[in-house]
Amino acid sequence: MSEETKASSPKQPLLDQYVKLITEKVGETAIKEAYINEVNSHMPSFIIDKELWHDVALLIRDNENMQFDYLMNLSGVDYESYMEAAYFFYSYTRDEYLAIKVQTERDGGSVPTVMDVWPTADWHEREAYDLLGIGFTGREISRILLPDDWVGYPLRKDYKPYDEEV
Amino acid sequence: MGLNLEGISPAEQQELERNVLVTSLEQVKGWARSNSLWPLSFGLACCAIEMMGTGGSHYDFDRFGVIFRGSPRHADVMMVAGTVTKKMAPLLRRLYEQMPEPKWVIAIGVCATAGGPYVNSYSVVKGVDQIVPVDVYIPGCPPSPAAIIYGVNKLQEKIRYEAKTGKKVPIENV
């Protein structure tokens, strides 16, 4: 991504405002990366440190310049070297979109739950746990789609079904 | 099941005119069972829509004595219509075991037959015959109501055939 396209994005001032807010209210280390996702309607996007994610979550819901009251989607991604939880937000009052990504390690990695911030996260977090094995700390978690005694996480890239050739 | 009317002796002809038929008890049971197949409607996916269509007034399953039941205790035949997931499989097996004898299973569509388009999925049972014994397979994705009626006819034929010959696999089909 070149500096030119960044400067040309209509959402750049908004992104800068968010960066300033999060840095001031939560901490310097909260944001790992901030960028504009041009192909997705110039959506402001952040990669947030997982240790500070819960504090950031409360900020982006409650701060009057953020007000992201609606968690549209939460999904897990397997990047083979690490796992990622991706959150997509909408603000009904401000008509703005926001993407947050939180990265964790592949083996036994976990991110803090945001179920207490957006209750919608409950089933989404269970799905990410069920299919990708991303842990969520600070809540009870169990499988949602697969049987409770299932072994493995089928949406991981290296998953092999035991009856592949049947 | 054809009725052989050739080679009837005059004595037999006389009996027939008095509406007397001679047969075995097993064959009467087969005749009765095959004409009152009450299925457990096991609709799991899009095949269930075709099964419902077959039950509706246009194709009218009732004229074959096929009357859908909501309880496995009432049912003679389990029509598995749709994709069976591994989470559903134990429940399907339990419902099969809850059905009273004699009982049969029809696998409707390619999913119930062999996994169908989901054969490479981690969560789909590759054919319902891995859990319960299947009598008739109806191919199609989904099979049309006419195909489902044909499958039911095949099962009726099988019930009458087995009543006549006993439950065994014919040598030429082994």
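The values are calculated or read from the model by the stated rules, or taken from the named source; none is laboratory data. The shown structure was predicted, so the numbers you read here are calculated from the model rather than taken from an experiment. Quick reminder, even Gly has a Cβ in these numbers, built from the backbone with ideal geometry, and neighbours come from all protein chains shown. Areas reflect the complete protein model, heavy atoms only, side chains present, ligands, DNA and RNA absent. Shrake-Rupley method; radii C 1.70, N 1.55, O 1.52, S 1.80 Å.
Would you check if B:GLY82 is modelled with pLDDT of 90 or more, touching a Leu at 6+ places or on another chain (Cβ under 6 Å) and more than 10 Å from chain A (Cβ to nearest Cβ)? Criteria met by B:GLY82.
With respect to the conditions (1) crowded, with 16+ Cβ neighbours inside 10 Å; (2) in contact with a helix residue (DSSP H, G or I) (Cβ under 9 Å, 6 or more places away or on another chain); (3) within 14 Å of another protein chain (Cβ to nearest Cβ), B:SER34 lacks only one, and its number is (3). Checking each residue in the range A:139-163 for being open to solvent by 80 Å² or more (accessible area, probe 1.4 Å) and either free of Cβ contacts under 8 Å to residues at least 24 places away in the same chain or over 25 Å from B:ALA89 (Cα atoms) (or both) picks out A:GLU140, A:LEU145, A:ASP148, A:ASP149, A:VAL151, A:LYS157, A:ASP158, A:LYS160, A:TYR162.
Table: residues versus (1) within 14 Å of chain A (Cβ to nearest Cβ); (2) crowded, with 21+ Cβ neighbours inside 10 Å.
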residue: B:HIS74; (1), (2): no, no
residue: B:PRO90; (1), (2): yes, no
residue: B:ARG93; (1), (2): yes, no
residue: B:GLN98; (1), (2): no, no
residue: B:LYS103; (1), (2): no, no
residue: B:ILE138; (1), (2): no, yes
residue: B:PRO143; (1), (2): no, yes
residue: B:LYS154; (1), (2): no, no
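Here B:ASN19 clears all of (1) open to solvent by less than 60 Å² (accessible area, probe 1.4 Å); (2) assigned to a loop (DSSP other than H, G, I, E, B) except the condition numbered (1).
Taking the listed residues B:VAL128, B:VAL110, the one that is within 14 Å of another protein chain (Cβ to nearest Cβ), in contact with a Cys (Cβ under 9 Å, 6 or more places away or on another chain) and farther than 21 Å from A:LEU155 by Cα is B:VAL128, with no other qualifying.
Selection of strands (runs of 3 or more DSSP E) fully inside the range B:67-174 by the criterion of at least 3 residues being out of contact with any Asp or Glu (no Cβ under 9 Å at 6 or more places or on another chain) returns B:77-81.
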